[in-house]
Structures are given as C-alpha cells and as structure tokens.
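The block underneath contains the structure these notes are about, expressed in structure tokens.
The values are calculated or read from the model by the stated rules, or taken from the named source; none is laboratory data. A quick note: this is a predicted structure, and the numbers were derived from the prediction, not measured. Here the Cβ is made from the backbone with ideal geometry for all residues, glycine too, and neighbour counts use every protein chain on show. Just the protein is used for accessible areas: all its heavy atoms, side chains included, with ligands, DNA and RNA removed. Shrake-Rupley method; radii C 1.70, N 1.55, O 1.52, S 1.80 Å.
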Amino acid sequence: MARSIGILGTGKAVPKKAFKNDDFVKHGLDTSDEWIMDRTGIRQRYIVEDETTSSLCIEAAEHAIKSAGIDRDTIDAVIVATTTPDYPVFPSVACLVQAGLGLREVAAFDLSAACSGFIYATEVATQMLKGGHYRHILVLGADTLSRVCDWRDRSTVVLFGDGAGAVILGDVKKGYGVLSTKLGSRGKDFDKLIIPIGGTKTPITAENVDSPDRYLKMDGKAVYKFAVNIIVGIIEEALTLAHLKKEDITFFVPHQANKRIIEYAREKLGLSVDQVYVNIDRYGNTSAASIPIALSEANDKGLLKSGDVVVTVGFGAGLTYGTSIIKWA
Ligand code: ACO
C-alpha cells in the first residue's frame, strides 16, 4: 500500500538585521522606497551579519522538529535546497545541519535548483519516503543571496533577502499530503540569472577579482516573462495529475519574487486576495527559503486547515520551475 506523505511540521529563521528600502539610499544607491515598493512590493528584507546559511537552517529546523512533535532520532535524512552554501564546493550545508542538530549519522545532501529548490527537495524527499526506507525527512530551503549580490547594482540587490524555512515530511492520513508535483527546467536560458565568475569554468583570479561578474546578474524582464508564462500552466498540469481543478484550490503559497507576478497568478487562478499568502513586503525574495518561510508563517497563524488544497509554486535560476499540490493534513 503506497504511503501518503505530507508536511508534519514547519519552521523558519531570518537574520536579526532588517534592511529597509531607504537603507539602500543611505548607502548611496540611486533608488527609492517608492520605486522598490511599486515595482516589487518589497519594503524590507533581512540580511546576514554573523549568521550563515547553515545557522539559519539549524534554527528553522529546530522550530520544525518542535512543530512536528517528533523525536529527532526518527529523522532519517536531511536535504537542503540552497545555492548559497557556507563553503564554495564542500562540505554541504546539510552535513553542517546534521551535526548542528545532533542527528544520527543519516543521509545529508544539498540540492541546487535556485528559487525552485524547495519544491524539488520536497519531491525528492516524498519519493524517498514512498520507497519505504525512511521515517521522517527534514527538508530545508535556505539562501543568503545578500552575500552574492552586487551592492552597486540597484537592479538586483534590492530584490533579495536572506532566510531559511524547514519542514518535516512523513506519513499522513491516507489521501492527504503531497498529491502531485510538476518540475521542469529551461536550461537554454541559463544566462538569464547567473553568477558568471567564481565557478570551475572561470575561477577567480587576481585579474577578475573586482569584476561585477563575480556577483548575481539577472535579466529581470526575461525572468519576469518566464515566470508569468509558466506559472499557471504548470499548476493546471499538477492539478490535473491530482484529479483537481482550479476551483478546488483553498490556499496559494507562491515563491515571493515579485508582488506583480503573484498578483498575475492569483487573477489567472481565480483566487481571492485572502487565498494567497504574501510576505514579500517583509522578507524580499529569499530564494529557496521563500516558500517554506511562507508555509511556516501561514501554519503558525492557523491559516492552513486539515483538508485544504494548498498549492506551492516556484521559479528561478537554471531556469527551473516547480509546483506541488498538497492536501494539508
Ligand atoms: N531603483 C530605481 N530604479 C531602478 C531600480 C531600482 N532599484 N532598478 C532598476 N531601475 C530602473 C532601471 O534602470 C530602468 O531605468 P531605465 O528605464 O532608465 O532604463 C527602470 O528602472 C525600469 O527597469 P525595468 O527593469 O524595466 O523594471 P521592471 O518593471 O521590469 O522591474 C524587476 C524589474 C523588479 C527586476 C522585474 O523585472 C522582476 O521582478 N523580474 C523577475 C525577477 C525574479 O522573479 N527573479 C526570481 C528568480 S530569483 C532566483 O532564482 C535566485
């Protein structure tokens, strides 16, 4: 008998330092609170100082373990979706989390799918659990993109914030939990959102160390168009896989990249404002962390009820995309 796998607990963590739109102006950037609010819906974001991707993960995971009410010794794997690990190549953030939480010597690995990473990691964990050899899996989405943004580039640095979100996945009532998932990629557009220098293709040298190409570069318009082109279609495909229709959606938890993209999807899906979780005003785009942070907040506020059809959707660098249809347990 196939297991039904769902979210048993949620958690989140953000750095202590809040960075308001006006703080960019104070730092000499040619921008304004009005422009950022108007174009993106972002009012502030949190920025790491002494925190790291792994320390945020550990804090978020502690909340999720408590929220799930499980014994940490029953966690059989850790998956961290991130593109901003503590160290450039290895060790993985997941191994630091395994040690930091005092877990048994369980499987631990990172997964790279940028802002869609949490949906990818949830799918990997769900299929591992369905295989029958794991009890609980800790899935995290975490990023500290402030560390890889060009603080001289107003077109990107204002968009991102740092944070981590966590869920514990495990058995739920039959017919509940993750009903369907749709993942995809469009690698031909790899250069629309990229850090050109610093990988193995073009290592950092004395000559390029000050180049703006060491930092995140985005063709914002292209990513925007990509997002609005794919978002509704993939949700419809995943709904069909789950034998559901748009009218069955109770709650929508989208990746928080831009309020206008969220608003576009909301209208196309025929949802009311109350059916959509939006926190981009407080956190900015936290990349892989945005969906689990939103789920954690919605869960803490009691907005997610047993039997609700919750739709998550993400898109980002790669380019990648993904959506999950979850019947909240
Ligand atoms: N402050 C003031 N002016 C600015 C700023 C700023 N921070 N940034 C850009 N501008 C200027 C531009 O220079 C441009 O000026 P110009 O007309 O004189 O050339 C003008 O504002 C308009 O710029 P656009 O790029 O056309 O602005 P647009 O309305 O397209 O918004 C934005 C840009 C917010 C980046 C939007 O395109 C967007 O949200 N794209 C999607 C990004 C996204 O979703 N990324 C998700 C993936 S993230 C991941 O995977 C890690």
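Ligands, DNA and RNA aside, PHE109 has an accessible area near 70 Å² when probed at 1.4 Å.
For the range 5-174, the spread of Cα coordinates along the three principal axes comes to 54, 34, 25 Å, biggest extent given first. By the combined test of axial Cα extent (at least 27 Å) and Kyte-Doolittle hydropathy (mean at least 0.0), the qualifying DSSP H helices of the chain come to 220-241.
Relative contact order, whole percent, for the range 5-174 stands at 34, derived from Cα pairs under 8 Å and 6 or more residues apart.
Amide H to amide H distances under 5 Å link GLY318 with LEU193, where only residues 5 or more positions off or on other chains count and H is placed in the peptide plane. Computed with the Debye formula from one identical point scatterer per Cα of the range 178-327, without solvent, the log10 of I(q)/I(0) at q = 0.12, 0.16, 0.17, 0.19 Å⁻¹ comes to -0.54, -0.87, -0.95, -1.13. Evaluated at q = 0.08, 0.11, 0.21 Å⁻¹, the base-10 log of the normalised Debye intensity for the range 73-223, with identical point scatterers placed on the Cα atoms, takes the values -0.28, -0.52, -1.34.
Protection proxy ranking, highest mean first, for peptides 231-240, 279-288: 279-288, 231-240, where packing is the per-residue count of other beta-carbon atoms within 10 Å, averaged.
Summarising the strand pairing of the chain, around 70 percent of its internal DSSP beta bridges are antiparallel. Any chance you could tell me what percent of the C-alpha pair distances in the chain go past 29 Å? Across the chain, Cα pairs with separations above 29 Å total 33 percent. DSSP finds beta bridges in the range 178-327, and of those with both partners inside it, around 75 percent are antiparallel. With contacts taken as Cα pairs under 8 Å at a separation of at least 6 residues, the range 178-327 carries a relative contact order of 37 percent. With a sphere of radius 13 Å drawn around the Cβ of LEU129, what net charge do the other residues whose Cβ falls strictly inside it have (Lys, Arg +1; Asp, Glu -1)? Local charge sum for LEU129: 0.
Farthest toward the positive end of the dipole of the chain, out of ALA257, ALA227, CYS115, is the Cα of ALA227, where the dipole comes from beta carbon charges about the Cα centre. For the peptides 198-204, 44-50, 16-22, 300-306, the ranking by mean Cβ contacts within 10 Å, running from highest to lowest, is 44-50, 16-22, 300-306, 198-204. Projecting the Cα atoms of PHE19, GLY141, VAL106 onto the charge dipole of the range 1-141 (Cβ charges, centred on the Cα centre) puts VAL106 farthest toward the positive pole.
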